[in-house]
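We did not get these values from a lab; they are worked out from the coordinates using the rules stated. Keep in mind the model is a prediction, meaning the values are calculated, not measured. Positions of Cβ are generated from backbone atoms using ideal geometry, with glycine treated the same way; all protein chains shown enter the neighbour counts.
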């Protein structure tokens, strides 16, 4: 049962990978690659959220697990 | 007593997952040595915890995990939701992290393991372990790898420090259900594929499981059940610190008899030997069937609880306590047979118990002496020094972790002298109690000369009132003096601290924080925990004395820890919030806690190894190591918007329908954390999930992007505009080329954006192939975008109104 589920999962993952590549290809076929000239940097939302360590120091204790 | 114990009676002792992965745990090697010394020639040992980490953190398993995540979490469905409640937010976060990072992790995990183990090069000069900029991404890769493994078994979570499931350790029916859950218990398949065949082949007559932590309970019972099914004539016993607390309840819980035959309480040497003797004697009797191991009369074995199966059924039977052994007679632990090359450390750090129990034993919050007991016993300095030399030569290592609650003043003087006189040439670290007469300037220098490089003191609080209630028997003045004397001798000082002791106020907790901030530079690390009440503690047995009302949960038949209401001071929730406040300060004030440097604190002996040095590498002082970490952070912060900046190869991006940071903040809230099993106690609060959802609300939709860089092992969240700029930068080839297309104001914004991404490692000035890569970059096809979307694009209508 487990093996079957894994096989199915792998196939789905592969399908997703293909579809995203296709989407990317379609975007590229819209025209010659832009070097950024069509981007208005003043208007863009360039906010960045850093992910400071997702590992919390609280995950340690005197027992040193 | 049986005089000859031959190989005809094989015994297997195993350490089930999960325990820390940097060094062996001591209990089983001690028992192995004891049984062998008593004549049992065929005693084998397994560290299934480190084996499991090694198995899960492999290319093959992560590929399997990636497929399981896609099958089980269905990211597309979660992305389409109108909003996310707590449960879905957890699943969504796990799924998007997996989508962004799985390919890079699969590509890098084996290299990361080699680097952390020091197996990436022939000499320390070349080994990445010693360079923070190579070590930290490798450690992060391993942590993220376990996130992927956890996502595959969602909502279970396996980290180097813990293992929790949706099931509560407090309830036996949940614990037993967990042992059957093929989807969420990753150890069932691990045992079946990697462990059980070996156990069956060795045909042990006794299997002993060491259960020190709550995180091991389900994995231990899972293994016990599987072994009992496969080998009905093998007697499965268990012992260890956690079972010393809850073993009686475990034995009385319906259904556990399918997983275990007995439990050993407290010190294991004498009971385990008596158990083996009793079973062997019974087997040697004429006419006895092989299944005697599970049907024997074990009344004579001290400190044993066992199921009396004679006459059908399984009746829990509790024997009288055994006498403890004379510790000085116990042999040195034996680590032979453990996978010493699999520990996540470049050098073997040998644990060795100098004593057992606590010579002080007065602290009102501490119950360790009770469960480690009975009583306080120590080895002589002569024995310790002799064993250290034996272990040093036998395992070709000079690094030791002395396992002790605290070393008495006399030993603190005599042991260093013996180690120095014996030219042991070792380095060591240990827990300690503040003893002003021992940790004088001369005393700490002697300790350093004997190899002491790090001591961990029970500081707990800077409030005199709280210290008095705790009966710590130490003053702030002496604490500061002892720490300063250690620091002057270049011994690194770690303080254990506690927040939320009964009646403690916020002001008192902040006074503790102020003291720790004041002594940053003397104190290098703080191991902080919130106060918990366990059933052995004085606070549980005499709650009125501390102004407490204990809250019982009648359904929790395995309960060890209890919620409580305090007459004054912080509530449990307020203490959890104060914990976060203190931790945030440590992140600002302690170099070892800043940013990802915190991994040095979390990897047990890794920081110690820098202080210890190796034959090829000079030792560092706590000061020099902190300076190195500070310089690293400063250099990172100083990264600017160089015109040569380009996109780092191998980035992966996932379009998001919700804010990753929003989900992270939501799930990090103390209320949300209360609905998951607590890290320390393994329990969770009933109905906490509903309470948290009602108070915290749902996560609203937004449009965002999660970017993962496999080389730096960093996640960064951008807006879709930010991703568009990254793609434009990639096409332009350099920041300078892209900036030429911008207005002056636009250029300034672009450069600020690029500078921040440079600091985060997403942009680099290095050309592909030029950099001394810490880990191999993910291969990408020619002409393919280096920023590859790994999952689905966000929906067009991505701005839903938040659900109330």
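See the values below:
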| quantity | calculated |
| --- | --- |
| All Cα pairs of the protein assembly as shown, percent lying beyond 55 Å | 12 |
| Between 0 and 90°, nearest 10: helix B:744-760 axis offset from chain B longest Cα axis | 20 |
| Per-residue average of Cβ from other chains inside 10 Å of B:61-71 | 5 |
| Rule-of-thumb Rg ratio for the stretch B:324-367 [Cα; 2.2 N^0.38 Å; N residues] | 1.66 |
| Inter-chain shielding of B:716-722 (mean C-beta neighbours from other protein chains, 10 Å cut-off) | 5 |
| Residue B:341 paired with residue B:518, simple spin-label distance in nm, labels 7 Å along Cα-to-beta-carbon | 5.3 |
| Evaluated over the stretch B:317-453, the Cα radius of gyration and Dmax, each in Å | 16.0, 54 |
| Percentage relative contact order, chain B, counting C-alpha pairs under 8 Å, at least six apart | 14 |
| Centre separation in Å (Cα based) which lies between the stretch B:315-339 and the stretch B:237-288 | 12 |
| Spacing of the two label points (7 Å from each Cα toward its C-beta) at residue B:551 and residue B:767, in nm | 6.4 |
| Compactness relative to 2.2 N^0.38 Å, alpha carbon Rg of the stretch B:375-420 | 1.18 |
| For the stretch B:533-590 and the stretch B:53-105, distance of Cα centres in Å | 34 |
| Linear extension gain, residue B:123 paired with residue B:445, 0.36 nm per residue minus alpha-carbon span | 112.8 nm |
| Per-residue Cβ neighbour rank within 10 angstrom, fewest leading, B:741, B:444, B:320 | B:320, B:741, B:444 |
| D_trans [Stokes-Einstein, Kirkwood Rh over alpha-carbon pairs] for the stretch B:202-334, 25 °C, 0.890 mPa s, µm² s⁻¹ | 164 |
| Burial order of peptide ranges B:399-405, B:509-515, B:220-226 (average beta-carbon count within 10 Å, highest first) | B:220-226, B:399-405, B:509-515 |
| Structure-based [θ]222 nm, chain B - -39500 (n - 2.57) summed over DSSP H runs of at least 4, per residue, nearest 500 | -12500 deg cm²/dmol |
| Alpha-carbon centroid distance for the pair the stretch B:460-514 / the stretch B:162-194, whole angstrom | 39 |
| In degrees, nearest ten, helix B:622-637 long axis to first principal axis of chain B (Cα) | 30 |
| Spatial extent of the stretch B:511-626: Rg and Dmax, with the Cα atoms as the point set, Å | 19.2, 59 |
| Computed FRET value (nearest 0.05) for residue B:627 with residue B:465, which takes r as the C-beta separation and R₀ as 41 Å | 0.65 |
| Folded to 0 to 90 degrees: helix B:720-732 orientation relative to chain B principal axis, Cα | 70 |
| Förster radius 45 Å - calculated FRET efficiency between residue B:688 and residue B:394 (Cβ-Cβ, nearest 0.05) | 0.35 |
| 25 °C / 0.890 mPa s Stokes-Einstein diffusion coefficient of chain B, Kirkwood radius on C-alpha pairs, µm²/s | 87 |
| Inter-label distance, nm, simple model (7 Å from Cα along the C-beta direction), residue B:535/residue B:133 | 5.4 |
| Percentage relative contact order, the stretch B:375-477, counting C-alpha pairs under 8 Å, at least six apart | 25 |
| Mean separation of Cα contacts under 8 Å (6+ apart) over length of the stretch B:573-670, as relative contact order % | 20 |
| Residue B:200/residue B:507 FRET efficiency (R0 56 Å; Cβ-Cβ; nearest 0.05) | 0.40 |
